[in-house]
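The structure appears right after this line, and notes come after that.
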Amino acid sequence: MIEINDLHKSFGSKVVLRGVNLNIENGERLVIIGRSGCGKSVLLKHIINLLQPDKGYILVDEIAIRKVGQKDLFFLRKQFGFLFQGAALFDSMTVAENISLPLVEHTNLSQGEMDRKVAEKLDLVGLPGIEKLKPSELSGGMKKRVGLARAIILDPKYILYDEPTTGLDPIMAANIDKLIVRLSEQLKVTSIVVTHDMQSVEKVADRVVMLHNGIIIYSGTVSDLKTTNNEVVHQFVNAEAEGPIQPKPHKY
Amino acid sequence: MVSFITRIGANSIRFVRQTGEIFIMLGKTARYAGQIWRTRKLIVEQLMEIGVKSIPLVIFVGLFAGAVASVQTAYQLKGFVSYNYLGAATSVAIFIELGPVLTALVAAGRIGASIAAELGTMRVTEQIDALEALAIDPIRYLALPRILSGFIMIPLLTVIADFVGIMGAYGVAYLNLDLPSEIFFGSVKDFFTIMNVMSGIIKAFVFGGVTAIVGCYVGFSTEGGAEGVGQATIRAFVLSAALILLNDYILSVILF
């Protein structure tokens, strides 16, 4: 279980999170929605301590992730798989080297065993036989799926997805959504998905929370999301131009 | 006036902060000294990248630096001192100054800038975050092999530059002044001290470390996209070159 308590974060004078409180149950598929730049990815990075809060704390399985030493932090991070927005594949390595890196670093498996695990995960994400390709030879959707294979290679307890469908065509996006649900059901992992793609939300979410102006303003199921009286959520979910959320004029 | 003072203050604070961060990074890297064997594959890759691939450039620079040193020295000796001392004068200059400094400056351009560009690109494309998310410390995985290779390979490259530089100096002495090899190398031998060579290698050791550390630090702290990477590359070269010259002065005062 992950507990986020009173999380604050600023970058210079820009306040991004101003007191986020959120509990994520084991096995849950939680989707965090919100406008671009509202701090969804920042929140996600706090969960594995890639960013440190100015105030507040996060408990992962009742351990305060910010307080632990480096050894324990790395132990906790091995419980997580993180799919980055741009997949963040290491471009000097092949697909197989990318996926097997955590095995090389954290296990004593033989090369044969590692190759078998890599093939198994590539099969799971629907990309068998591409071990020898370089990231530069992959399409955007393939990169995300390879990133996902890498994220699940250590069989994590939690998988964090940062905009998994952004920049993909609708069919590829639907495939990724299906994959998220399948991994969640097959591997019994807790999934936290950050997105502003409402089609994706409907397919993936057990529960949806909305981040707006640095705080969680909504938490509920997908069906409740459509009938909510919250004007901000209503405008976002229905993609309406008129409403309480207005684009700020850009200062030049 | 107030804004000028504010700017000086802000720059001073930034300088102190960055210096502190560089030493913290060096300390964190040193903490992984016990894991050199575990990281051997990456270290060998960097020894190749930083050292072996720099050999052609170092030979080119060393050869011409030696040749120019020989021409300049001959010009200064003309009419005052016998050319018999040309070998001694050029070799000492090459051993203690030209070899280490020119090798390090070439390394700052080729290695420091490329480390900064590579790590900077990894930073802005979240590859360094990905390493951390995979519970791999980027300091051990990326900085340790590069910094260690900098410390090891720049002195070795300097030895090559010294040798090639003296050959270049002799080539000029032979072609321009008809100086026989026995006289040229005889004077090199007469004035040769192990201290001269060692002082150059000590300098090269420091310069190599400085170049790699600066490259890693600048790369890790890169922000923005392609523009940020471009700026990091320039910053790494300028900072390395400045620190090489500063350290050259400090070490010269200490060693001589």
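The values are calculated or read from the model by the stated rules, or taken from the named source; none is laboratory data. Treat the numbers as computed from the prediction; the structure is a model and nothing was measured. When we count neighbours, we look across all protein chains shown, and the Cβ atoms used for this are built from the backbone with ideal geometry, even at glycine. To get the accessible areas, we keep the full protein, side chains included, count just its heavy atoms, and leave off ligands, DNA and RNA. Shrake-Rupley method; radii C 1.70, N 1.55, O 1.52, S 1.80 Å.
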**Message:** Given the C-alpha atoms of the range A:37-172, compute the convex hull and give its volume per residue in Å³.
**Reply:** 127 Å³
**Prompt:** If each Cα of the protein assembly as shown is one equal point scatterer, what is log10 of I(q)/I(0) from the Debye formula at q = 0.08, 0.09, 0.10, 0.11 Å⁻¹?
**Reply:** -0.63, -0.75, -0.87, -0.98
**Message:** What do you get for chymotrypsin sites (Phe, Trp or Tyr not before Pro) in the range B:15-80 restricted to DSSP loop and a cutoff of at most 16 other Cβ within 10 Å of the site's Cβ?
**Reply:** B:Trp37, B:Phe80
**Request:** Please work out how much accessible surface B:Tyr83 shows to a 1.4 Å probe, ignoring ligands, DNA and RNA, in Å² rounded to 10.
**Result:** 70 Å²
**Prompt:** For B:132-145, what's the mean count of beta carbons from other chains sitting within 10 Å of each residue's beta carbon?
**Reply:** 5
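Ignoring ligands, DNA and RNA, how do B:Cys216, A:Cys38 rank by accessible area with a 1.4 Å probe, largest first?
Result of the area sort, largest leading: A:Cys38, B:Cys216.
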**Complete:** For the A:Ala239, A:Ile63 Cβ pair and Förster radius 35 Å, calculated FRET efficiency rounded to 0.05 is 0.35
**Complete:** Carbon and sulfur atoms account, in whole percent of the 1.4 Å probe accessible area of chain A, for 50 percent
**Fill in**
Log10 I(q)/I(0) at q = 0.19, 0.20 Å⁻¹ for the range B:51-108, from Debye over equal alpha-carbon scatterers, is -0.67, -0.72
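Once the Cα gyration tensor of the range B:37-255 is diagonalised, what are the square roots of 5 times its eigenvalues, in whole Å and ordered largest first, as equivalent ellipsoid semi-axes? Mind dumping the intermediate values first?
Details: eigenvalues 308, 49, 38 Å².
That gives 39, 16, 14 Å for the three semi-axes.
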**Complete:** In whole percent, the Cα-Cα distances of the range A:188-238 spread across 10 Å bins from 0 upward as 24, 61, 14, 1
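Over all directions, average the projected area of the Cα convex hull of the range A:153-252 and note it in nm².
Its average projected convex-hull area is 8.5 nm².
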**Complete:** Probe 1.4 Å, heavy atoms of protein chains only: per residue, the accessible area of the range B:37-255 in Å² is 44 Å²
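May I ask you to rank A:Glu62, A:Glu28 by accessible area, largest first, using a 1.4 Å probe over the protein chains only?
From most accessible down to least: A:Glu62, A:Glu28.
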**Request:** Go from 0 up to the bin containing the longest alpha carbon distance in the range A:1-103, width 5 Å each, and give me the % of pairs per bin.
**Result:** 2, 10, 20, 21, 19, 15, 9, 4, 0
**Item:** Solvent-accessible area buried by A and B, counting both chains, probe 1.4 angstrom, square angstrom
**Value:** 1700 Å²
**Per-residue SASA entry for A:Lys157, accessible area with 1.4 Å probe, Å² rounded to 10** = 70 Å²
**Message:** Between B:Ser3 and A:His8, how high is the FRET efficiency from 1/(1 + (r/R0)^6) when r is the Cβ-Cβ distance and R₀ = 35 Å? Nearest 0.05.
**Reply:** 0.65
**Message:** Out of all Cα-Cα pairs in the range B:115-243, roughly what percent, to the nearest whole number, are more than 20 Å apart?
**Reply:** 58 percent
**Item:** GNM result for chain A, Cα springs below 10 Å: residue of A:Phe75, A:Phe236, A:Phe90 fluctuating most strongly
**Value:** A:Phe75
**Request:** Would you kindly derive the ³J(HN,Hα) couplings of the range B:26-31 from the backbone phi angles with the Karplus curve 6.51 cos²θ - 1.76 cosθ + 1.60 (θ = phi - 60°), listing them in order in whole Hz, with x for Gly and Pro?
**Result:** 5, x, 5, 5, 4, 4
**Message:** Over chain B, how many pairs of lysines fall under 29 Å by alpha carbon, counting only those 8 or more apart in sequence or from different chains?
**Reply:** 8
**Prompt:** Within 10 Å of each Cβ of B:121-130, how many other protein chain Cβ atoms are there on average?
**Reply:** 6
**Asked** If you take the alpha carbon radius of gyration of chain A and divide it by 2.2 N^0.38 Å, what ratio comes out, to two decimals?
**Response** 1.03
**Taking N as its residue count, the alpha carbon Rg of the range B:200-256 over 2.2 N^0.38 Å** = 1.31
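Over the range B:37-255, what percent of the accessible surface lies on carbon and sulfur atoms, probe 1.4 Å? Walk me through the numbers on the way to the answer.
Working: 6910 of 9650 Å².
Solvent-exposed carbon and sulfur of the range B:37-255 make up 72 percent of the total.
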